[in-house]
Structures are given as C-alpha cells and as structure tokens.
Amino acid sequence: FKSSFYETSDSMKISIPQLDGGAGNDTLAVTGSGLSLNLANVRGKIDGIETIDLTGIGNNTLILTALDLLNLSDTSNTLKVNGNTRDVIIGLSNSWADGEITGDYHTYTLDAVVLLVGIHVTTDFIS
C-alpha cells in the first residue's frame, strides 16, 4: 500500500507541469490562504489523486465538475475533499444527488461519480 502527499501554497498559477500520484491513496493539499484550485485548468496534468485537502491556513476554493473528478484517478471515480469552515467547492451542477452524511463526510453522486465532502466544507451548486 502506497500513500503520497503533495502540497501547494501558491495560487493556481500553481504551475503543475505533471503530477501523478500513482497507486495507493494520494492527497493534493492546498496549504495557503485564499487560493482557488480549478481542476479544469489542470486537466490532464494531475492523475492518481484520490483526496484533495483544502485545509490550508485560510479560506480556499475548489472548482470542479464530474468530468474533472473522473480525470483525477485511474483507479477510482471517488474524490474525498477535506477542509475547514469557509473552504468551498463550486462548479457542481444541480444534477448531483445529495446523499447522506456518514461519519465526517457528506456524499454526493452523479452516475458512477462519488464526491465525499468534509462536513465543514461548503458546497455551492450552480443552476
């Protein structure tokens, strides 16, 4: 079992040439404050990531769609997002099914895609 942890503290000028987590459960951590990680901007550059941690030292934002989530991992259609109060996920369409809260995660699904959002992270759906 392999687990890796990658972090970035600069805005998504975060120039990610190529990030491949490989096998195991890998985390991309946003460690700064006021940062916005738009997965559409890094599509094809990040692979093998199963968890994104927005915790950082302030309020951070993750922008994603189902397509972005599908492109993150070769082995799973599930993404876990951790964060603090005032961290936010945006870009999700109203097509996502709002599942239940289990443990520390709120579950959202869209077809075969599963998004597990930490209970302290705000999820902002677009219409």
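The values are calculated or read from the model by the stated rules, or taken from the named source; none is laboratory data. Worth saying up front: this structure is predicted, and the values here are computed from it rather than measured. Reconstructed Cβ throughout: ideal geometry from the backbone, glycine too, with neighbour counts over all protein chains shown. When the accessible area is computed, the model is the full protein with side chains, heavy atoms only, and any ligands, DNA or RNA have been set aside. Shrake-Rupley method; radii C 1.70, N 1.55, O 1.52, S 1.80 Å.
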For ASN84, which of the numbered conditions (1) over 14 Å from LEU110 (Cα atoms); (2) not in a loop (DSSP other than H, G, I, E, B) fails to hold?
-> (2)
Requiring at least 2 residues that are open to solvent by 60 Å² or more (accessible area, probe 1.4 Å), the strands (runs of 3 or more DSSP E) wholly within the range 87-127 are 97-102, 122-126
Taking THR51, is it of a type in the set (S, T, N, Q), surrounded by 17 or more Cβ atoms within 10 Å (Cβ to Cβ) and either in contact with a helix residue (DSSP H, G or I) (Cβ under 7 Å, 6 or more places away or on another chain) or within 21 Å of VAL30 (Cβ to Cβ) (or both)?
-> yes
Is it fair to say SER76 is surrounded by fewer than 19 Cβ atoms within 10 Å (Cβ to Cβ), within 14 Å of the chain's Cα centre (by Cα), among the small types (Gly, Ala, Ser) and within 21 Å of ILE126 (Cα to Cα)?
-> no
Pairs returned, first residue in the range 109-127 that is in contact (Cβ under 8 Å) with a residue 60 or more places away in the chain, second residue that is part of a loop (DSSP other than H, G, I, E, B) and aliphatic (A, V, I, L, M), beta-carbon separation under 9 angstrom, 6 or more apart or interchain, are VAL121/LEU54
